[in-house]
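The values are calculated or read from the model by the stated rules, or taken from the named source; none is laboratory data. A quick note: this is a predicted structure, and the numbers were derived from the prediction, not measured. Here the Cβ positions follow ideal geometry from the backbone for every residue, glycine too, while neighbour counts run over all protein chains shown.
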Amino acid sequence: MTAEELLRRLVAEYRRRTPTSAKIHALARNFLPGGNTRSVVHFSPYPFVMERARGCHLFDVDGNRYLDFVNNYTSSVHGHAHPRIIAAIREQLEKGWTCAAALEPQQRLAELICRRFRSVERVRFCNSGTEATMLAIRAARAFTGREKILKMEGGYHGSHPDAEISARPRPELAGDPERPLSLPDGPGITKGVVKEVLVAPFNNQEAAERIIRENRGELAAVIVEPMLGIAGQIPPKEGYLQFLREITERHDILLIFDEVMTARLAVGGAQEYFGVTADLTTFGKMIGGDLPAGAFGGRREIMELFSPERGGILHHSGTFNGNALAMVAGIAALKLLTPAAIARINSLGEMLARRLEEIFNEAGIPGQVTGAGSLQHIHFTPEEVVDYRSSLTSNEDAARALFFSLLNRGVFLSPRGMFCTSTPMDRKIASELVEKTAEAVDVLRAVAGGS
(Lines give C-alpha, C1' and ligand atoms only; values in the text may rest on other atoms or scores of the structure.)
Protein backbone atom coordinates (compact mmCIF):
# COMPACT_ATOMS: atom_id res chain seq x y z
CA MET A 1 0.00 0.00 0.00
CA THR A 2 1.35 3.41 -0.93
CA ALA A 3 1.87 6.24 1.55
CA GLU A 4 -0.94 8.16 -0.12
CA GLU A 5 -3.35 5.24 0.31
CA LEU A 6 -2.37 4.86 3.98
CA LEU A 7 -3.05 8.55 4.61
CA ARG A 8 -6.43 8.28 2.89
CA ARG A 9 -7.36 5.37 5.16
CA LEU A 10 -6.33 7.29 8.28
CA VAL A 11 -8.40 10.31 7.24
CA ALA A 12 -11.37 8.08 6.37
CA GLU A 13 -11.23 6.59 9.87
CA TYR A 14 -11.12 10.09 11.34
CA ARG A 15 -14.20 11.06 9.32
CA ARG A 16 -15.99 7.92 10.54
CA ARG A 17 -15.30 8.88 14.16
CA THR A 18 -16.31 12.55 13.86
CA PRO A 19 -19.53 12.99 11.81
CA THR A 20 -21.02 15.60 14.16
CA SER A 21 -17.84 17.69 13.98
CA ALA A 22 -18.11 17.53 10.18
CA LYS A 23 -21.70 18.82 10.31
CA ILE A 24 -20.83 21.68 12.65
CA HIS A 25 -17.86 22.65 10.49
CA ALA A 26 -20.08 22.69 7.39
CA LEU A 27 -22.55 25.00 9.17
CA ALA A 28 -19.74 27.25 10.45
CA ARG A 29 -18.52 27.77 6.88
CA ASN A 30 -21.73 29.71 6.21
CA PHE A 31 -20.67 32.40 8.67
CA LEU A 32 -16.92 32.06 9.36
CA PRO A 33 -14.38 32.13 6.50
CA GLY A 34 -13.48 28.48 6.04
CA GLY A 35 -15.45 27.74 9.20
CA ASN A 36 -12.53 29.14 11.19
CA THR A 37 -11.61 32.09 13.39
CA ARG A 38 -8.17 30.90 14.58
CA SER A 39 -5.91 29.73 11.78
CA VAL A 40 -3.73 27.37 13.82
CA VAL A 41 -6.60 25.10 14.92
CA HIS A 42 -7.64 24.22 11.37
CA PHE A 43 -6.54 21.01 9.72
CA SER A 44 -7.90 19.20 6.70
CA PRO A 45 -10.50 17.78 6.20
CA TYR A 46 -11.91 19.64 9.25
CA PRO A 47 -11.02 20.04 12.95
CA PHE A 48 -12.88 18.08 15.59
CA VAL A 49 -15.26 20.19 17.66
CA MET A 50 -14.68 20.11 21.40
CA GLU A 51 -17.65 19.92 23.74
CA ARG A 52 -15.86 19.97 27.09
CA ALA A 53 -12.46 19.55 28.72
CA ARG A 54 -11.31 18.39 32.11
CA GLY A 55 -7.80 17.81 33.43
CA CYS A 56 -5.62 16.55 30.59
CA HIS A 57 -8.50 15.29 28.44
CA LEU A 58 -10.73 16.77 25.74
CA PHE A 59 -14.17 15.42 24.79
CA ASP A 60 -15.59 16.13 21.35
CA VAL A 61 -19.19 16.42 20.20
CA ASP A 62 -19.10 12.83 18.91
CA GLY A 63 -18.20 11.44 22.34
CA ASN A 64 -14.52 10.81 21.61
CA ARG A 65 -11.99 11.40 24.38
CA TYR A 66 -8.50 12.70 23.65
CA LEU A 67 -5.41 12.91 25.82
CA ASP A 68 -4.41 16.52 25.20
CA PHE A 69 -0.75 17.16 24.39
CA VAL A 70 -1.50 20.41 22.56
CA ASN A 71 -2.81 22.17 25.67
CA ASN A 72 -4.13 25.11 23.66
CA TYR A 73 -0.67 25.47 22.12
CA THR A 74 1.04 25.48 25.53
CA SER A 75 -1.27 27.89 27.42
CA SER A 76 -3.07 25.17 29.40
CA VAL A 77 -0.10 24.35 31.59
CA HIS A 78 -2.53 23.15 34.30
CA GLY A 79 -4.74 21.30 31.86
CA HIS A 80 -8.42 22.22 31.73
CA ALA A 81 -10.86 23.42 34.36
CA HIS A 82 -8.41 23.28 37.26
CA PRO A 83 -10.48 23.57 40.49
CA ARG A 84 -8.31 26.34 41.99
CA ILE A 85 -8.52 28.45 38.83
CA ILE A 86 -12.28 27.87 38.58
CA ALA A 87 -12.68 28.92 42.23
CA ALA A 88 -10.73 32.14 41.68
CA ILE A 89 -12.81 33.01 38.60
CA ARG A 90 -16.10 32.16 40.33
CA GLU A 91 -15.27 34.33 43.34
CA GLN A 92 -14.40 37.27 41.08
CA LEU A 93 -17.53 36.82 38.96
CA GLU A 94 -19.63 37.67 42.01
CA LYS A 95 -17.71 40.95 42.35
CA GLY A 96 -17.76 41.98 38.68
CA TRP A 97 -14.99 41.70 36.12
CA THR A 98 -14.63 44.88 34.03
CA CYS A 99 -14.75 48.55 34.88
CA ALA A 100 -12.94 51.74 33.94
CA ALA A 101 -10.93 51.77 37.16
CA ALA A 102 -7.82 50.25 38.68
CA LEU A 103 -8.24 46.74 40.08
CA GLU A 104 -6.41 45.26 43.04
CA PRO A 105 -5.71 41.90 41.30
CA GLN A 106 -3.68 43.81 38.69
CA GLN A 107 -1.18 44.78 41.37
CA ARG A 108 -1.02 41.23 42.74
CA LEU A 109 -0.37 39.57 39.38
CA ALA A 110 2.13 42.28 38.42
CA GLU A 111 4.03 41.66 41.65
CA LEU A 112 4.07 37.91 41.05
CA ILE A 113 5.48 38.39 37.55
CA CYS A 114 8.15 40.85 38.66
CA ARG A 115 9.24 38.59 41.50
CA ARG A 116 9.44 35.49 39.29
CA PHE A 117 11.17 37.07 36.27
CA ARG A 118 14.18 38.95 37.61
CA SER A 119 14.69 41.07 34.48
CA VAL A 120 11.13 42.44 34.74
CA GLU A 121 11.13 45.52 36.98
CA ARG A 122 7.86 46.94 35.67
CA VAL A 123 5.07 45.25 33.69
CA ARG A 124 1.90 46.19 31.80
CA PHE A 125 -1.03 44.01 30.83
CA CYS A 126 -2.70 43.61 27.46
CA ASN A 127 -4.91 40.92 25.93
CA SER A 128 -2.63 38.56 24.00
CA GLY A 129 0.93 37.65 23.16
CA THR A 130 0.43 39.45 19.85
CA GLU A 131 -0.30 42.73 21.65
CA ALA A 132 2.61 42.11 24.02
CA THR A 133 5.21 41.79 21.26
CA MET A 134 3.71 44.70 19.32
CA LEU A 135 3.97 46.98 22.36
CA ALA A 136 7.44 45.77 23.34
CA ILE A 137 8.71 46.59 19.85
CA ARG A 138 7.13 50.03 20.04
CA ALA A 139 8.70 50.61 23.45
CA ALA A 140 12.11 49.64 22.08
CA ARG A 141 11.76 52.09 19.21
CA ALA A 142 10.62 54.88 21.50
CA PHE A 143 13.40 54.27 24.02
CA THR A 144 16.24 54.05 21.50
CA GLY A 145 14.97 56.49 18.88
CA ARG A 146 15.74 53.91 16.19
CA GLU A 147 13.36 52.10 13.89
CA LYS A 148 14.80 48.78 12.71
CA ILE A 149 14.14 45.45 14.37
CA LEU A 150 16.03 42.19 13.94
CA LYS A 151 14.08 38.94 14.24
CA MET A 152 14.95 35.33 13.50
CA GLU A 153 13.81 33.46 10.40
CA GLY A 154 10.93 31.19 11.41
CA GLY A 155 10.38 33.13 14.63
CA TYR A 156 6.72 33.71 15.47
CA HIS A 157 5.72 36.78 17.46
CA GLY A 158 2.00 37.02 16.81
CA SER A 159 -0.28 38.54 14.20
CA HIS A 160 0.82 42.12 13.59
CA PRO A 161 2.86 43.55 10.70
CA ASP A 162 6.27 43.72 12.42
CA ALA A 163 5.87 40.10 13.51
CA GLU A 164 4.59 38.71 10.22
CA ILE A 165 7.90 38.99 8.44
CA SER A 166 9.64 35.71 7.53
CA ALA A 167 7.78 33.63 10.09
CA ARG A 168 6.95 31.05 7.41
CA PRO A 169 8.92 32.04 4.28
CA ARG A 170 9.15 29.77 1.27
CA PRO A 171 12.80 28.70 1.18
CA GLU A 172 13.11 29.10 -2.58
CA LEU A 173 12.24 32.80 -2.14
CA ALA A 174 14.01 33.47 1.14
CA GLY A 175 17.51 34.04 -0.21
CA ASP A 176 20.89 33.13 1.24
CA PRO A 177 20.51 31.07 4.45
CA GLU A 178 23.29 33.18 6.00
CA ARG A 179 21.52 36.42 5.08
CA PRO A 180 17.78 35.74 4.75
CA LEU A 181 15.54 38.16 2.92
CA SER A 182 12.78 39.94 4.82
CA LEU A 183 9.59 38.54 3.33
CA PRO A 184 6.02 39.40 4.33
CA ASP A 185 4.01 36.33 5.36
CA GLY A 186 1.13 37.49 3.19
CA PRO A 187 -0.41 40.49 1.46
CA GLY A 188 -1.38 43.62 3.36
CA ILE A 189 2.02 44.31 4.94
CA THR A 190 3.53 47.53 3.64
CA LYS A 191 6.94 47.85 2.01
CA GLY A 192 7.89 50.25 4.78
CA VAL A 193 7.38 47.57 7.42
CA VAL A 194 9.36 45.02 5.43
CA LYS A 195 12.23 47.49 5.14
CA GLU A 196 12.40 48.05 8.91
CA VAL A 197 12.41 44.35 9.94
CA LEU A 198 15.68 42.52 9.35
CA VAL A 199 16.00 38.73 9.49
CA ALA A 200 18.78 36.43 10.69
CA PRO A 201 19.00 32.64 10.87
CA PHE A 202 18.40 31.24 14.36
CA ASN A 203 21.39 29.70 16.16
CA ASN A 204 23.92 31.34 13.82
CA GLN A 205 26.17 33.73 15.73
CA GLU A 206 28.29 34.75 12.77
CA ALA A 207 25.32 35.72 10.59
CA ALA A 208 23.63 37.62 13.43
CA GLU A 209 26.83 39.47 14.31
CA ARG A 210 27.32 40.56 10.70
CA ILE A 211 23.77 41.89 10.37
CA ILE A 212 23.90 43.62 13.77
CA ARG A 213 27.25 45.29 13.04
CA GLU A 214 26.07 46.53 9.64
CA ASN A 215 22.90 48.05 11.10
CA ARG A 216 23.94 48.88 14.67
CA GLY A 217 23.18 52.58 14.32
CA GLU A 218 19.62 51.89 13.17
CA LEU A 219 18.62 48.85 15.24
CA ALA A 220 16.24 49.43 18.12
CA ALA A 221 16.02 45.81 19.23
CA VAL A 222 16.65 42.17 18.57
CA ILE A 223 13.53 40.09 19.29
CA VAL A 224 13.88 36.34 19.70
CA GLU A 225 12.08 33.36 21.12
CA PRO A 226 14.61 31.76 23.48
CA MET A 227 13.52 28.50 21.86
CA LEU A 228 12.18 28.75 18.31
CA GLY A 229 8.50 27.79 18.65
CA ILE A 230 6.38 27.17 15.55
CA ALA A 231 9.48 26.13 13.61
CA GLY A 232 9.62 23.11 15.90
CA GLN A 233 10.68 23.85 19.51
CA ILE A 234 14.28 24.31 18.42
CA PRO A 235 16.51 25.03 21.43
CA PRO A 236 19.38 27.50 21.33
CA LYS A 237 22.88 26.17 20.83
CA GLU A 238 25.19 26.57 23.79
CA GLY A 239 26.28 30.19 24.04
CA TYR A 240 23.86 31.53 21.41
CA LEU A 241 21.55 33.48 23.72
CA GLN A 242 24.54 34.70 25.75
CA PHE A 243 26.07 35.96 22.50
CA LEU A 244 22.88 37.90 21.65
CA ARG A 245 22.92 39.42 25.13
CA GLU A 246 26.55 40.48 24.86
CA ILE A 247 26.42 41.96 21.36
CA THR A 248 23.21 43.90 21.95
CA GLU A 249 24.62 45.39 25.15
CA ARG A 250 27.82 46.31 23.33
CA HIS A 251 25.90 48.30 20.71
CA ASP A 252 23.16 49.74 22.98
CA ILE A 253 20.49 47.66 21.26
CA LEU A 254 17.63 46.27 23.31
CA LEU A 255 17.14 42.52 23.60
CA ILE A 256 13.52 41.32 23.67
CA PHE A 257 12.71 37.76 24.73
CA ASP A 258 9.36 36.46 23.53
CA GLU A 259 8.44 34.13 26.41
CA VAL A 260 4.82 33.64 25.41
CA MET A 261 5.53 29.89 25.20
CA THR A 262 8.72 29.42 27.18
CA ALA A 263 7.70 31.14 30.44
CA ARG A 264 6.64 27.69 31.70
CA LEU A 265 10.20 26.23 31.55
CA ALA A 266 11.25 27.56 34.97
CA VAL A 267 9.95 29.84 37.71
CA GLY A 268 11.78 32.61 35.89
CA GLY A 269 11.02 31.28 32.42
CA ALA A 270 13.55 30.55 29.71
CA GLN A 271 15.72 33.35 31.06
CA GLU A 272 16.26 31.34 34.22
CA TYR A 273 16.36 28.02 32.34
CA PHE A 274 19.10 29.16 29.93
CA GLY A 275 20.77 31.69 32.26
CA VAL A 276 20.32 34.85 30.15
CA THR A 277 18.30 38.00 30.84
CA ALA A 278 16.61 40.40 28.43
CA ASP A 279 15.79 44.11 28.48
CA LEU A 280 12.14 43.46 27.65
CA THR A 281 10.08 40.28 27.97
CA THR A 282 6.71 39.40 26.49
CA PHE A 283 4.15 37.02 27.96
CA GLY A 284 0.84 35.49 26.95
CA LYS A 285 -0.90 32.11 27.01
CA MET A 286 -0.53 30.81 30.60
CA ILE A 287 -0.02 34.27 32.13
CA GLY A 288 -3.79 34.80 32.41
CA GLY A 289 -4.61 31.35 33.73
CA ASP A 290 -5.79 30.28 30.25
CA LEU A 291 -8.03 33.33 29.81
CA PRO A 292 -7.22 35.97 27.17
CA ALA A 293 -4.29 37.95 28.54
CA GLY A 294 -0.85 39.20 27.66
CA ALA A 295 1.86 41.18 29.38
CA PHE A 296 5.14 42.87 28.59
CA GLY A 297 7.73 44.21 30.95
CA GLY A 298 11.37 44.86 31.61
CA ARG A 299 13.79 47.51 32.74
CA ARG A 300 12.19 50.28 34.74
CA GLU A 301 13.55 53.14 32.63
CA ILE A 302 12.05 51.63 29.47
CA MET A 303 8.67 50.81 30.96
CA GLU A 304 8.38 54.26 32.56
CA LEU A 305 7.69 55.59 29.05
CA PHE A 306 4.14 54.29 29.62
CA SER A 307 3.70 55.96 33.02
CA PRO A 308 0.90 58.56 33.02
CA GLU A 309 2.60 60.08 36.08
CA ARG A 310 5.53 60.97 33.83
CA GLY A 311 3.49 62.41 31.02
CA GLY A 312 2.57 59.16 29.31
CA ILE A 313 5.07 59.43 26.46
CA LEU A 314 3.58 56.18 25.17
CA HIS A 315 -0.19 55.91 25.41
CA HIS A 316 -1.49 52.38 25.93
CA SER A 317 -5.15 51.67 26.58
CA GLY A 318 -7.39 48.70 25.96
CA THR A 319 -10.92 48.06 27.12
CA PHE A 320 -10.02 44.71 28.63
CA ASN A 321 -6.41 45.34 29.70
CA GLY A 322 -5.92 43.76 33.10
CA ASN A 323 -9.52 42.54 33.34
CA ALA A 324 -10.25 41.04 36.71
CA LEU A 325 -11.05 37.51 35.54
CA ALA A 326 -7.74 37.10 33.72
CA MET A 327 -5.88 38.64 36.65
CA VAL A 328 -7.26 36.31 39.31
CA ALA A 329 -6.94 33.29 37.00
CA GLY A 330 -3.34 34.27 36.29
CA ILE A 331 -2.57 34.63 39.99
CA ALA A 332 -3.97 31.17 40.68
CA ALA A 333 -2.10 29.64 37.74
CA LEU A 334 1.28 31.12 38.69
CA LYS A 335 0.89 30.07 42.31
CA LEU A 336 0.15 26.53 41.15
CA LEU A 337 3.23 26.55 38.93
CA THR A 338 5.69 25.83 41.71
CA PRO A 339 9.30 24.74 41.22
CA ALA A 340 8.23 21.16 41.97
CA ALA A 341 5.38 21.29 39.42
CA ILE A 342 7.70 22.70 36.77
CA ALA A 343 10.36 20.08 37.46
CA ARG A 344 7.77 17.32 37.13
CA ILE A 345 6.30 18.41 33.79
CA ASN A 346 9.79 19.12 32.44
CA SER A 347 10.85 15.62 33.45
CA LEU A 348 7.79 14.13 31.74
CA GLY A 349 8.50 16.04 28.53
CA GLU A 350 12.14 14.91 28.49
CA MET A 351 11.14 11.30 29.22
CA LEU A 352 8.69 11.31 26.31
CA ALA A 353 11.32 12.76 23.97
CA ARG A 354 13.80 10.02 24.86
CA ARG A 355 11.30 7.19 24.51
CA LEU A 356 9.90 8.44 21.21
CA GLU A 357 13.39 8.69 19.76
CA GLU A 358 14.03 5.11 20.92
CA ILE A 359 10.95 3.98 19.00
CA PHE A 360 12.09 5.77 15.86
CA ASN A 361 15.65 4.41 16.15
CA GLU A 362 14.52 0.82 16.72
CA ALA A 363 12.19 1.01 13.71
CA GLY A 364 14.80 2.67 11.52
CA ILE A 365 12.52 5.68 11.08
CA PRO A 366 14.37 8.96 10.45
CA GLY A 367 12.84 10.84 13.37
CA GLN A 368 14.07 13.08 16.17
CA VAL A 369 12.59 15.15 18.99
CA THR A 370 13.77 18.66 19.75
CA GLY A 371 12.82 20.93 22.62
CA ALA A 372 13.42 21.56 26.30
CA GLY A 373 11.54 20.45 29.38
CA SER A 374 7.78 20.33 28.89
CA LEU A 375 7.96 21.72 25.32
CA GLN A 376 8.89 19.22 22.59
CA HIS A 377 8.49 18.64 18.85
CA ILE A 378 8.79 15.60 16.55
CA HIS A 379 10.67 16.01 13.26
CA PHE A 380 10.84 13.25 10.65
CA THR A 381 14.25 13.98 9.16
CA PRO A 382 17.79 12.61 9.53
CA GLU A 383 19.19 16.15 9.30
CA GLU A 384 19.98 17.89 12.59
CA VAL A 385 17.28 20.49 13.19
CA VAL A 386 18.89 23.71 14.40
CA ASP A 387 16.96 26.47 12.61
CA TYR A 388 13.98 27.19 10.36
CA ARG A 389 15.52 25.94 7.11
CA SER A 390 16.62 22.62 8.60
CA SER A 391 13.15 22.13 10.12
CA LEU A 392 11.70 22.21 6.60
CA THR A 393 13.46 18.93 5.80
CA SER A 394 10.95 17.09 8.00
CA ASN A 395 8.67 14.66 6.14
CA GLU A 396 5.23 16.31 6.19
CA ASP A 397 3.43 13.12 5.16
CA ALA A 398 4.96 11.28 8.12
CA ALA A 399 3.87 14.06 10.50
CA ARG A 400 0.34 13.89 9.06
CA ALA A 401 0.31 10.09 9.37
CA LEU A 402 1.38 10.26 13.00
CA PHE A 403 -1.15 12.99 13.74
CA PHE A 404 -4.15 11.03 12.43
CA SER A 405 -2.85 7.70 13.77
CA LEU A 406 -2.71 9.19 17.26
CA LEU A 407 -5.95 11.17 16.92
CA ASN A 408 -7.82 8.01 15.92
CA ARG A 409 -6.34 6.36 19.03
CA GLY A 410 -7.42 9.19 21.34
CA VAL A 411 -4.17 11.16 21.60
CA PHE A 412 -4.02 14.78 20.42
CA LEU A 413 -0.75 16.43 19.46
CA SER A 414 -0.41 19.28 16.99
CA PRO A 415 -0.55 18.48 13.26
CA ARG A 416 2.98 19.84 12.88
CA GLY A 417 4.34 17.56 15.62
CA MET A 418 4.47 19.80 18.70
CA PHE A 419 3.52 18.36 22.08
CA CYS A 420 3.72 19.61 25.64
CA THR A 421 2.99 18.20 29.07
CA SER A 422 0.68 19.64 31.73
CA THR A 423 0.46 19.38 35.50
CA PRO A 424 -2.52 16.94 35.60
CA MET A 425 -0.38 14.35 33.80
CA ASP A 426 1.63 11.69 35.54
CA ARG A 427 4.15 9.27 34.08
CA LYS A 428 1.53 6.60 33.37
CA ILE A 429 -0.84 8.98 31.57
CA ALA A 430 1.93 10.69 29.62
CA SER A 431 3.31 7.33 28.48
CA GLU A 432 0.16 6.80 26.42
CA LEU A 433 1.80 9.00 23.79
CA VAL A 434 4.67 6.53 23.56
CA GLU A 435 2.42 3.47 23.56
CA LYS A 436 0.13 4.81 20.84
CA THR A 437 3.10 5.93 18.73
CA ALA A 438 4.54 2.41 18.98
CA GLU A 439 1.22 1.07 17.66
CA ALA A 440 1.59 3.37 14.64
CA VAL A 441 5.14 2.30 13.77
CA ASP A 442 4.14 0.26 10.72
CA VAL A 443 2.29 3.22 9.22
CA LEU A 444 5.18 5.57 9.99
CA ARG A 445 7.68 3.16 8.50
CA ALA A 446 5.64 2.95 5.30
CA VAL A 447 5.30 6.73 5.01
CA ALA A 448 8.63 7.99 6.38
CA GLY A 449 10.80 5.03 5.42
CA GLY A 450 12.54 2.66 7.78
CA SER A 451 13.86 -0.83 8.19
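Structural remarks
- Residue within the range 106-124 that is among the small types (Gly, Ala, Ser), surrounded by 19 or more Cβ atoms within 10 Å (Cβ to Cβ), more than 30 Å from residue 209 (Cβ to Cβ) and out of contact with any Lys or Arg (no Cβ under 6 Å at 6 or more places or on another chain) present: yes
- A search for C-beta distances below 7 Å between a residue of the range 212-225 that is under 25 Å from residue 261 (Cα atoms) and any residue that is of a type in the set (Asp, Glu), counting only pairs 6+ apart in sequence or on different chains, returns 220/147; 223/258; 224/258; 225/258.
Rundown of residues vs (1) among the hydroxyl-bearing types (Ser, Thr, Tyr); (2) surrounded by fewer than 22 Cβ atoms within 10 Å (Cβ to Cβ), yes/no style:
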position	(1), (2)
350	no, yes
359	no, yes
370	yes, no
384	no, yes
395	no, yes
424	no, yes
431	yes, yes
435	no, yes
438	no, yes
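- Residue list for the range 99-131, restricted to those being more than 23 Å from residue 314 (Cβ to Cβ) and within 28 Å of the chain's Cα centre (by Cα): 105, 108, 112, 115, 116, 118
- Screening residue 146 against (1) over 22 Å from the mean Cα position of the chain (by Cα); (2) crowded, with 16+ Cβ neighbours inside 10 Å; (3) under 18 Å from residue 388 (Cβ atoms) leaves a single unmet condition, (3).
- Of the residues making up the range 164-192, those that are surrounded by fewer than 18 Cβ atoms within 10 Å (Cβ to Cβ), under 16 Å from residue 215 (Cβ atoms) and either in contact (Cβ under 8 Å) with a residue 24 or more places away in the chain or not assigned by TED's automatic domain parsing to the domain that holds residue 241 (or both) number 2.
- Considering the range 5-34, the residues that are polar (S, T, N, Q) and assigned to a loop (DSSP other than H, G, I, E, B) include one that is surrounded by the most Cβ atoms within 10 Å (Cβ to Cβ), namely 18.
- Residue match in the range 345-364 (condition: in a loop (DSSP other than H, G, I, E, B) and of a type outside the set (Asp, Glu)): yes
- Criterion violated by residue 226 - all others in (1) over 24 Å from residue 38 (Cβ atoms); (2) over 20 Å from the mean Cα position of the chain (by Cα) satisfied: (2)
- Test: residue in the range 121-138 that is aliphatic (A, V, I, L, M) and over 14 Å from residue 298 (Cα atoms): yes
- Restricting attention to the range 244-275, the residues being in contact with a helix residue (DSSP H, G or I) (Cβ under 8 Å, 6 or more places away or on another chain) and either within 15 Å of residue 299 (Cβ to Cβ) or among the hydroxyl-bearing types (Ser, Thr, Tyr) (or both) number 9.
- Test: residue 205 is touching a Phe, Trp or Tyr at 6+ places or on another chain (Cβ under 7 Å) and not aromatic (Phe, Trp, Tyr): yes
- Neighbours by Cβ (under 7 Å, 6+ apart or cross-chain): first from the range 28-51, within 23 Å of residue 401 (Cβ to Cβ); second loosely packed, with under 12 Cβ neighbours inside 10 Å and not hydrophobic (A, V, I, L, M, F, W, C): 42/34
- Residue count, the range 80-105 (criterion: surrounded by 13 or more Cβ atoms within 10 Å (Cβ to Cβ), hydrophobic (A, V, I, L, M, F, W, C) and assigned to a loop (DSSP other than H, G, I, E, B)): 3
- Looking across the range 398-431, just one residue is under 13 Å from residue 376 (Cβ atoms) and of a type in the set (Val, Ile, Thr), and that is 421.
- Restricting the first member to the range 358-387 and to residues that are without any contact (Cβ under 8 Å) to a residue 12 or more places away in the chain, and the second to residues that are in a helix (DSSP H, G or I) and buried (at least 17 other Cβ atoms within 10 Å of the Cβ), the beta-carbon pairs closer than 6 Å and six or more apart or on different chains are 383/390.
- Checking residue 375 against (1) hydrophobic (A, V, I, L, M, F, W, C); (2) in contact with a Ser or Thr (Cβ under 9 Å, 6 or more places away or on another chain); (3) within 23 Å of residue 12 (Cβ to Cβ), the condition it does not meet: (3)
- Test result for residue 309, at pLDDT 95 or above, in the same structural domain as residue 95 (by TED's automatic domain parsing) and over 29 Å from residue 435 (Cα atoms): no
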